[in-house]
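Notes to accompany the following structure.
The values are calculated or read from the model by the stated rules, or taken from the named source; none is laboratory data. Bear in mind the structure is a predicted one, so any value in this text is a computation, not a measurement. As a convention, Cβ positions derive from the backbone with ideal geometry for all residues, glycine included, and neighbour counts pool all protein chains shown.
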Amino acid sequence: MGMQKAVIRQFRFLRVITYFFKRQCNCDTDGLRLERENPAPQPVLKTPDQCLSFMWEPNKYRLTQLNPWNIVLIYLVLGFLWILFSDRLLEQLIDDPATLTQFQTYKGWFYVLVTSLLLLLLLMRYSARITHMRSDFLDRLDLYRSLLEQGNQVVLQVDDSQDFSYSNAAVKDILGYDEDEFRCMGDYESIVHQDDRDRFKDIRTVCDAGIRNNEPVKQQVRLRHKNGAWRWYQMILTDKRGFEHIDSRLLLIRDIHEETSMYERLRESQIRFEHLFQEAPVGYHSFGGDFTIIDINKSELNLLGCSREAVVGKKTWADLIVPDDLPTFEQHKKDLLEKGYVENLQYTIVREDGTRRSVILNARAFFDDQDRLLYTLGNVVDMTEQIRAQEEIRELNISLEKKVIERTRDLEMANRELESFAYSVSHDLRAPLRGIDGFSQALADKYAEKLDQRGLQYLDRVCKASQRMGMLIDDLLSLSRITRSELEYEQVDLGAVSREILETLKDREPDRQVDFDVSGDLVVTGDARLLRILMQNLLDNAWKYTSTRDRARIVVDSAEIDGRKTMFVRDNGVGFNMKYHDKLFVPFQRLHSQDDFPGTGIGLATVQRIIGRHGGTIRADSKENEGSVFYLFLPDKSV
Amino acid sequence: MEYSKSRKADTLKRHILLVEDNPDDVDLTLMALEKSNILNEVRVARDGEEALQILLGREGEEPPELPAVVLLDLNIPKVNGLEVLREIRSTERIRRLLVVILTSSGEEQDILRGYDLGANSYIRKPVDFEKFVDAVKQLGLYWLVLNEPAV
């Protein structure tokens, strides 16, 4: 029974011991596990986060678990238990006092040996951990130093007397000053921009009073770089923590000039765009997914004649247009959702005051991932004035057309009057002339014996005068007929026509010696009847004015003059003085006396009128007593 | 042949109807006919209405003798020459009558309308009296001697 109890007690003792050991081992394994769980298990820590985690999480390394106090505590507990139980155990196992004493001596040695080994183990582990931590710490310290020195911000340590007790080398890169130069500058306010001095003073005040709520203080100020340029910097004032307490402050200065100026530029461009949006002479708006107006510019508000508040978020396009346009709007909405854009839509909008404007709308739609309409962007151009102007032009055109019709009618009426005048001239003026001529002749016939020679001469002159007047009237009529008749275009061979006319002339006066030369390309497009009258007049003249020549010569030919086909009629007749060239084509103007060459002076006027009606030109060249040439140009008209 | 001969002899005896309102022209025409040795009786109508009356006669009376030829001026009072011509051509009894338009007008439209309405000839009166006499002479020779009339 006693034996059994002793074994149980012994067993309990062992369990207590193993418990302590186990606890110790667990600590170790925990520590190892933590290191293994680290994403970068190398002894040199690489990222600042890992470095910092050492500072923020000191318990991670369980320093308290294996410090000298713990070692002593473990030693004390084990020693106490050994002294308490080892003697009693021996007493129970050994009865012989001599043997007992001997065993107790062994036990003493054994105890010293075991505790020494234990002590050695514990101290070795402790020392190893300390060494490991120290190397870690030194590594991290190097890292911080390099970060501090190579970083892109100035780090200044501000001590209680407001002096900078430390500055990093970045001050040279960022502000242009050497470290010492900067630390000894004294009057820092002088490099702060005038407008930003208040903000700088804020920082100083906070520096004096201490930082509240652990919140770093940030300010943006312009500082003068050593090269004289003003640049934007961000200043951050923060507490510097020592191991135990806040011992000083850190002032960080970062160059934010590029960001700031980019931001400034962005802001400027935003202002410009805003201005453009608002002031553009075109209306701009944006509709939301439900076609409610979500944004609108000033121009469109002016167009609508209402305030921003009255439309934004309240009205849709349908509220602004005339009811007649509503079905079209529905269709246009469908088009917009389908195509993503619509162009040149015509609408009539009703302004706040009830007046209407005609506008053109262009819009583009923007959708989300599920193809739901997010918003639209549209522009509106006021076309009222243009449409009004177009309308006016249309009306003007109509009235112009009316006027043209009226004028044409007037002209037609005048033409008809002229025609009836010509008719009465032909009819009524000729009758009395015939009377004069006829009765003069009757007088000469029947009463010749009662008149002396002079009286008969007078009668003859009366007859001649009336006959001449008859000719004049006839020529005048034929001239007016040329002006009035419609042109019928066809191909006419003026060569054939000329030959025919010349033959007729020759037949009439077979005694005259006249050479003809009709050659060259004389085919033209024109009214055959009028062109025949034209050639008749020209050749009659040529015939007439060569009558004084022993050998007359008449040439009809064509030549390329100024790059266009020109016909000419040349004779070797008496010609005319170019001085009177202007009078050549004037009706009834003659350059020769009636006695020398009879005529009415209407022939060349007729020629010119025929040429004019064909859109052509005629000009004459002559030398007195050497002959003359008439050049004809007829434009080529398709038949 | 016999028939024809008798007709031709008839033509020379029948009168000439001169439709002309201008007394000078009437006298000149008469003088010209005289000079051309055309000895037919000449009846003169001073306007279109009178001309038609002479040709058609009064209602209920015996139809008048037809002229050998009608010398018709166009510009005459009341019923103008072209209307007289149309009336002649549309009246059965006289529609084959010889009608010579003898006028001052040389207007193309007058000439065309004259022929359209069935004029047998169109002669423009020349201002020159000698030419006029010549024209009348030729006219008489042709229409009264050479031409075979239908009626």
Check on A:Ser628, hydroxyl-bearing (Ser, Thr, Tyr), touching a residue at least 12 places away in the same chain (Cβ under 8 Å), outside any helix (DSSP H, G or I) and crowded, with 19+ Cβ neighbours inside 10 Å: yes
Subset of segment B:132-148 (residues that are part of a helix (DSSP H, G or I) and surrounded by 15 or more Cβ atoms within 10 Å (Cβ to Cβ)): B:Phe132, B:Val133, B:Asp134, B:Ala135, B:Val136, B:Lys137, B:Leu139, B:Gly140, B:Trp143, B:Leu144
B:Ala135 within 13 Å of chain A (Cβ to nearest Cβ), under 15 Å from the mean Cα position of the chain (by Cα) and small (Gly, Ala, Ser): yes
Only listed residue being assigned to a helix (DSSP H, G or I), in contact with a helix residue (DSSP H, G or I) (Cβ under 9 Å, 6 or more places away or on another chain) and surrounded by 13 or more Cβ atoms within 10 Å (Cβ to Cβ), chosen from A:Phe287, A:Phe329: A:Phe329
Selection count, segment A:211-235, where residues are surrounded by fewer than 11 Cβ atoms within 10 Å (Cβ to Cβ) and in contact (Cβ under 8 Å) with a residue 12 or more places away in the chain: 2
Selected residue (criterion: nearest to the other protein chains (Cβ to nearest Cβ)) from residues of segment A:453-504 that are under 60 Å from the mean Cα position of the chain (by Cα) and farther than 21 Å from A:Leu604 by Cα: A:Glu488
Within segment A:199-257, strands (runs of 3 or more DSSP E) holding 3 or more residues that are over 23 Å from A:Gly176 (Cβ atoms) and either in contact with a strand residue (DSSP E or B) (Cβ under 9 Å, 6 or more places away or on another chain) or hydroxyl-bearing (Ser, Thr, Tyr) (or both): A:230-241, A:246-255
Subset of segment A:343-373 [farther than 19 Å from A:Arg388 by Cβ and either outside the structural domain of A:Ser307 (by TED's automatic domain parsing) or assigned to a strand (DSSP E or B) (or both)]: A:Glu343, A:Leu345, A:Asn362, A:Ala363, A:Arg364, A:Ala365, A:Phe366, A:Phe367, A:Leu373
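Looking at segment B:87-121, which of its residues are away from chain A (no Cβ under 14 Å) and either aromatic (Phe, Trp, Tyr) or surrounded by fewer than 16 Cβ atoms within 10 Å (Cβ to Cβ) (or both)?
Of everything in segment B:87-121, those that are away from chain A (no Cβ under 14 Å) and either aromatic (Phe, Trp, Tyr) or surrounded by fewer than 16 Cβ atoms within 10 Å (Cβ to Cβ) (or both) turn out to be B:Arg89, B:Ser90, B:Thr91, B:Glu92, B:Arg93, B:Arg95, B:Arg96, B:Tyr115, B:Asp116, B:Gly118.
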Qualifying residue in segment A:551-572 (condition: among the acidic types (Asp, Glu), touching a strand residue (DSSP E or B) at 6+ places or on another chain (Cβ under 7 Å) and buried (at least 19 other Cβ atoms within 10 Å of the Cβ)): yes
Positions within segment B:56-86 being within 14 Å of chain A (Cβ to nearest Cβ) and among the β-branched types (Val, Ile, Thr), in sequence order: B:Ile76
Failed item, numbered, when A:Asp527 is tested on (1) under 30 Å from A:Leu411 (Cβ atoms); (2) surrounded by fewer than 18 Cβ atoms within 10 Å (Cβ to Cβ); (3) in contact (Cβ under 8 Å) with a residue 60 or more places away in the chain; (4) in contact with a strand residue (DSSP E or B) (Cβ under 9 Å, 6 or more places away or on another chain): (2)
B:Leu117 being of a type outside the set (Asp, Glu) and farther than 22 Å from B:Glu83 by Cβ: no
Flag if A:Pro48 is exposed (fewer than 11 other Cβ atoms within 10 Å of the Cβ), under 24 Å from A:Arg134 (Cα atoms) and modelled with pLDDT under 80: no
Which listed residue, of A:Ile398, A:Ile393, A:Ile436, is β-branched (Val, Ile, Thr), in a helix (DSSP H, G or I) and closer than 30 Å to A:Leu476 by Cα: A:Ile436
Qualifying positions in segment A:542-595 - part of a loop (DSSP other than H, G, I, E, B) and of a type in the set (Asp, Glu): A:Asp550, A:Asp562, A:Asp595
